[in-house]
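The values are calculated or read from the model by the stated rules, or taken from the named source; none is laboratory data. Because the structure is predicted, anything quoted here is derived from the model rather than measured. Note that each Cβ is placed from the backbone with ideal geometry, even for glycine, and that neighbours are counted across all protein chains shown.
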Amino acid sequence: MSTTDSKDRAAAPPSHTTPEQRDQLVRETVAICWERSPYYRERLQSHGIEPGDISCVEDLERVPILLGKEDERLLQERSRAEEGHPFGAHLCVDPAEVVAVASTSGTTGVPTFYAFTPEDVAVNDALWARALSQAGIGRGTVVLQGFGLSMFLAGYPLARAVERMGAQIVPVGAEAGSQRLLDVAELVRPSALLCTPSYATYLIEQAPERMSALKLKSIVCAGEPGAGLPELRKRLEEATGATVYDALGGAHGIMNASDGAWPYEGMTVLGDDCSVQQLWDPDTESPVAVPEDGTPAYGVRVKTTLRWRAQPQLRSSVGDVYEMRRIRGASGRLSTKVKVIGRTDDLLIIKGVKLYPAAARDLVAGFAPRVSGALRLIVNGNPPRVEPPLRMRVERGVGQSAQDDAALASDIAAAMHQRLSVRPEVEIVDPGSIDRTSHKAQLIEVQKPS
């Protein structure tokens, strides 16, 4: 494709796509993956599947997961060694067509790189505009960027999207530190803050009066689950006066975002015209149906891109476990609500009982103000299997008496046993003694045998 053609097509996707158009986009994605990616072609052939076998969205559910988190890492290792670029052997364009790059944090190993063509940039920007518009952000809104600006998907790509929607981005970034970020905020007076829920919590702990004085109207959180937790959201909103929103996505045509309503019902899927999100049961290797009557369904989220050119995702999963519900509105149109339950590579198994760290965090947050919300799960050995007992370190809430620690520990252990079928050994520690982060909160601490 010529440069001129690429520029001509680098426009925002339409806001609505008919079922017939989605089916056509599915067929196009499958054809591109088959023709341009030996990896996808080999994976499909190994399951006896040819492009003609997938003609619609529903047909995708018969296809197992083709691209996992570890697969993508190995593909990128291969492309670095064999092709001289870090985007993976599933790259479906010439590397010269890549105009932007982002990555994961790489905290658990080598980062995964995300490639953007001009068309991909347009999709990313349009989807973020949809999510941010739900948070009241529009032309002229002063927006403080509190995510890490470096290579993260919520860094420069998000800042660029804010700029292109006509809002005023102030790209301080988490790397500048909380003092610098607050100093700048007091000068520019933003009405919106973008950051992880962990960082928002850290800011109100470190400078509650300064955060309150900013009079923020909205805080848009992403990068980790948490902003949808009622106790955490209430705490942030009471401390700042802002409305807290939850968002997930950007790359690959995925965008899920909440609308700020109480009670929190999850994030609404805003990118059905750009991707397909479905559920899969890895134990039975079968699709999980999502009823259309609002009944929740649970499974590993699997995504397929419809408009992503650089690295199309065909039945791809990083192991996120979702709750998914379909709700029919007054107009009769179906919308999809999702909640992130946890991630399979974070899963802990104690005496055969499965525990997602996010579930423990959510339970502990319900004990506020007796707790600050910060915690660590101390595990022996290598997850997922944990040698009993599971130990949990929990911070006491600011202003709470240490004399109540024993009762608090007992109450948390009992609630864990009742609701999550795990009875941990709970240690209560002083406020501020558990490290904070401007990125994703680390909930697990692995102790190796001495």
> How many of the residues making up region 397-424 are out of contact with any Leu (no Cβ under 7 Å at 6 or more places or on another chain) and either touching a residue at least 60 places away in the same chain (Cβ under 8 Å) or surrounded by 13 or more Cβ atoms within 10 Å (Cβ to Cβ) (or both)?
Replying inline: 12
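I'd like the full set of residues that are closer than 26 Å to Phe152 by Cα and hydroxyl-bearing (Ser, Thr, Tyr), limited to region 241-277.
Thr243, Tyr245, Ser258, Thr268, Ser275
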> In this structure, does Thr3 turn out to be in contact with a Phe, Trp or Tyr (Cβ under 9 Å, 6 or more places away or on another chain) and at pLDDT below 95?
Replying inline: no
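Mind listing whichever residues of region 32-47 are more than 18 Å from Ser286 (Cα to Cα) and in a helix (DSSP H, G or I)?
First, the residues of region 32-47 that are more than 18 Å from Ser286 (Cα to Cα): 32-42, 45.
Across region 32-47, the qualifying residues are Ile32, Cys33, Trp34, Glu35, Arg36, Pro38, Tyr39, Tyr40, Arg41, Glu42, Gln45.
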>> Residues that are touching a strand residue (DSSP E or B) at 6+ places or on another chain (Cβ under 9 Å) and more than 30 Å from Ser317 (Cβ to Cβ), at least 2 per element: which strands (runs of 3 or more DSSP E) completely within region 106-215 meet that?
In response: 142-145, 168-170, 192-195
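Take Ile204 and decide whether it is surrounded by fewer than 23 Cβ atoms within 10 Å (Cβ to Cβ) and either in the same structural domain as Met255 (by TED's automatic domain parsing) or under 19 Å from Ser372 (Cα atoms) (or both).
Numbers: surrounded by fewer than 23 Cβ atoms within 10 Å (Cβ to Cβ): yes; either in the same structural domain as Met255 (by TED's automatic domain parsing) or under 19 Å from Ser372 (Cα atoms) (or both): yes.
The answer is yes for Ile204.
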> Between a first residue in region 311-325 that is not assigned by TED's automatic domain parsing to the domain that holds Glu28 and part of a loop (DSSP other than H, G, I, E, B) and a second residue that is acidic (Asp, Glu) and surrounded by fewer than 21 Cβ atoms within 10 Å (Cβ to Cβ), which pairs have beta carbons less than 8 Å apart while being 6 or more apart in sequence or on different chains?
Replying inline: Gly319/Asp345
> Do you know which of the residues in region 221-241 that are buried (at least 17 other Cβ atoms within 10 Å of the Cβ) and small (Gly, Ala, Ser) is modelled with the highest pLDDT?
Replying inline: Ala239
> If we keep just the residues of region 53-67 that are assigned to a loop (DSSP other than H, G, I, E, B) and of a type in the set (Val, Ile, Thr), which is farthest from Val288 (Cα to Cα)?
Replying inline: Ile54
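I'd like to verify a number: residues in region 365-396 that are part of a loop (DSSP other than H, G, I, E, B) and either free of Cβ contacts under 8 Å to residues at least 24 places away in the same chain or over 27 Å from Ala200 (Cβ atoms) (or both), how many?
Residues of region 365-396 that are part of a loop (DSSP other than H, G, I, E, B), as a first pass: 366-370, 381-384, 386-390.
Adding the requirement that they be either free of Cβ contacts under 8 Å to residues at least 24 places away in the same chain or over 27 Å from Ala200 (Cβ atoms) (or both) leaves 381-384, 386-390.
Matching residues across region 365-396 total 9.
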>> Can you find a residue that is in a loop (DSSP other than H, G, I, E, B) and among the acidic types (Asp, Glu) anywhere in region 218-239?
In response: yes
> Considering region 240-258 alone, what residues qualify as being under 16 Å from the mean Cα position of the chain (by Cα), farther than 18 Å from Asp120 by Cβ and either of a type in the set (D, E, K, R) or assigned to a loop (DSSP other than H, G, I, E, B) (or both)?
Replying inline: Asp246, Ser258
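Just to be sure before I move on: is Asp259 surrounded by fewer than 24 Cβ atoms within 10 Å (Cβ to Cβ), touching a His at 6+ places or on another chain (Cβ under 7 Å) and either at pLDDT 95 or above or closer than 30 Å to Pro118 by Cα (or both) in the structure I sent? Break it down stepwise before answering.
Details: surrounded by fewer than 24 Cβ atoms within 10 Å (Cβ to Cβ): yes; touching a His at 6+ places or on another chain (Cβ under 7 Å): no; either at pLDDT 95 or above or closer than 30 Å to Pro118 by Cα (or both): yes.
Here the answer is no, as Asp259 does not meet what is asked.
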>> Exactly one condition in (1) among the hydrophobic types (A, V, I, L, M, F, W, C); (2) crowded, with 18+ Cβ neighbours inside 10 Å; (3) over 21 Å from the mean Cα position of the chain (by Cα) is false for Ala358; which is it?
In response: (3)
>> Being outside any loop (DSSP other than H, G, I, E, B), at pLDDT below 95, assigned by TED's automatic domain parsing to the domain that holds Val93 and surrounded by fewer than 18 Cβ atoms within 10 Å (Cβ to Cβ): is that true of Glu70 here?
In response: yes
>> Here is a list: Ser178, Ser218, Ser198. Which entry is surrounded by fewer than 20 Cβ atoms within 10 Å (Cβ to Cβ) and either hydroxyl-bearing (Ser, Thr, Tyr) or within 21 Å of Ser258 (Cα to Cα) (or both)?
In response: Ser178
> Which of the residues spanning region 259-268 are closer than 30 Å to Leu314 by Cβ and either among the hydroxyl-bearing types (Ser, Thr, Tyr) or part of a strand (DSSP E or B) (or both)?
Replying inline: Met267, Thr268
>> Against the definition (outside any strand (DSSP E or B), of a type outside the set (Val, Ile, Thr) and at pLDDT 90 or above), how does Ala413 come out, yes or no?
In response: yes
